[in-house]
Amino acid sequence: MNIIEIKQLTKIYKLFEKEAGFRGSLKSLFNRKYTEKKAVSEFDLTVEKGEFIGLIGRNGAGKTTLIKMLTGIIAPSSGNLSVLGYSPNKLENEFKKRYAVVMGQKSQLFFELTPADTFILFKELYDIPDEEYRKNIEYFTELFDAAKYMNVQVRTLSLGERMKMELITALLHNPEILFLDEPTIGLDAVAQKQIRYFLKEINRTKGTTIILTSHYMEDIKSLCKRCVVIENSRKIYDGKTDILFEKFQLYKKITVSFEEETDVKLPEDFEILEKTPYKMSFIMPKEKARGIIKEFFENYKVKDIAIEEEDIGNVVERIYKEGSGSYYE
Ligand SMILES: Nc1ncnc2c1ncn2[C@@H]1O[C@H](COP(=O)(O)OP(=O)(O)OP(=O)(O)O)[C@@H](O)[C@H]1O
């Protein structure tokens with residue numbers, strides 16, 4: 001069953017142009033000039049219940065604009081949009097109770113309140129029945145290991161702890177769809193891993209449909225079976241994440257630190273990003289990663305080694321060059 005249906009969805013922002021200075025402000029009062037920015041162009045998408053979809057693209061590609069239209073925050077300029085059978089822009093209360101949105105860069109928590117108080121507030125706002133509320137608080141407190149944060153002011157929490165509370169707040173009313181815009185932004189590797197685990201669990205145990213935007217390829221790879229790539233307002237890839245990584249993700253980034261001064265000569269097809277006597281990082285063809293790591297451990301005193309997915313921008317560029325398409329096999 002499709003719970004999201006988008007056809008030819010387009011959003012054009014109107015940007016008001018003003019000449020500099022006081023005279024410019026006065027002039028613009030009588031002679032308003034606008035330029036137009038197409039942020040989402042003729043976008044088609046269908047999402048089935050229970051899917052976990054990654055929405056990826058470079059800065060300014062149009063991801064947030066798409067999520068804002070799906071949640072009714074802004075109205076489309078043209079096209080058709082149905083979410084759970086509703087037209088999001090009508091902002092009907094019944095609709096608002098069936099989805100949730102979490103934006104990594106914006107908080108819906110009250111910084112002076114404790115999470116426990118915030119949850120009660122949201123219980124009232126969403127009209128959550130007592131039993132459902134009790135069960136969810138119990139389930140999420142355990143899943144997120146959150147008991148120790150319940151009674152401290154939100155403003156004292158770390159970024160990672162706050163994101164856990166954002167997610168609990170968003171999930172208390174059992175939304176059928178969860179929209180996540182960069183939920184792991186700014187978090188360290190451990191916190192990112194925890195958030196990924198929670199999201200996987202929520203999708204698995206509650207069947208929540210999740211649409212996630214992230215700049216971290218690791219998030220997409222480990223969570224989303226399907227991903228949609230948006231470039232310059234248009235959809236250029238819609239298909240299995242496995243295929244995207246196999247076909248378009250060709251390099252890995254390796255960072256090695258050494259216990260003693262070390263000088264390593266790397267093959268020519270490796271691109272060195274940083275090199276000091278104790279540390280180096282470089283980009284290399286992904287199929288050679290396993291061999292090179294083994295070699296490092298055998299030949300040098302390695303203190304630490306980190307392997308990262310290639311930057312999203314390179315992957316998008318390769319897809320763009322190949323031309324847009326669907327990749328279901
Ligand atoms: N309110 C607005 N008025 C005018 N232009 C806007 C507005 N919001 C976004 N834009 C423009 O629309 C384009 C798409 O922006 P959007 O925020 O959707 O991109 P994004 O893919 O989410 O980027 P990022 O990854 O940087 O968050 C950008 O060029 C942006 O400058």
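The values are calculated or read from the model by the stated rules, or taken from the named source; none is laboratory data. Since this is a predicted model, take the numbers as computed values, not measurements. Don't worry about glycine lacking a Cβ; one is built from the backbone with ideal geometry, like all the others, and counts go over all protein chains shown. To get the accessible areas, we keep the full protein, side chains included, count just its heavy atoms, and leave off ligands, DNA and RNA. Shrake-Rupley method; radii C 1.70, N 1.55, O 1.52, S 1.80 Å.
Details
- Only the Cβ atoms of Lys and Arg (+1) and of Asp and Glu (-1) were treated as charged; on that basis the dipole of region 46-134 about its Cα centre amounts to roughly 560 debye.
- Here the chain is treated with +1 on each Lys and Arg Cβ and -1 on each Asp and Glu Cβ, and its dipole about the Cα centre works out to around 1180 debye.
- Of all DSSP beta bridges confined to the chain, the antiparallel ones make up roughly 65%.
- Computed label-point distance, nm, for sites Glu17 and Ser78 using a 7 Å Cα→Cβ extension: 2.2 nm
- In region 77-131, the trypsin sites (Lys or Arg not before Pro) that fall in loop regions by DSSP, at most 12 other Cβ within 10 Å: Lys106
- Virtual spin-label span in nm between Thr35 and Glu260, 7 Å along Cα→Cβ: 5.9 nm
- Under-5 Å amide H pairs with Lys252, H placed in peptide plane, nonlocal only: Met284, Lys286
- Around the amide H of Phe52, modelled in the peptide plane, lie the amide H atoms of Ile210, Lys225, Arg226, all under 5 Å away and 5 or more residues distant in sequence or on another chain.
- Placing unit charges on the Cβ atoms of the charged side chains and taking the dipole of region 49-246 about its Cα centre, the candidate lying farthest along the positive direction among Ala191, Asn93, Leu244 is Leu244.
- Once the 1.4 Å probe is applied to the protein heavy atoms, region 187-298 comes out at 51 Å² accessible per residue.
- Solvent-accessible area, 1.4 Å probe, carbon plus sulfur percent, for region 49-246: 50 percent
- Solvent exposure of region 60-166 as accessible area per residue, Å², 1.4 Å probe: 52 Å²
- In this structure, the residue pairs whose Cα-Cα separation is over 24 Å, taken from Lys193/Lys225; Lys68/Lys164; Lys97/Lys235; Lys63/Lys200; Lys123/Lys148; Lys97/Lys135, are Lys97/Lys235.
- For region 251-309, carbon and sulfur atoms together expose 47% of the accessible surface, with a 1.4 angstrom probe and every protein chain in place.
- In straight-distance terms, cross-link reach from Lys106 covers every one of the aspartates and glutamates whose alpha-carbon lies under 14 Å from its own, apart from those fewer than eight places away in the same chain; here that gives Glu166, Asp181, Glu182.
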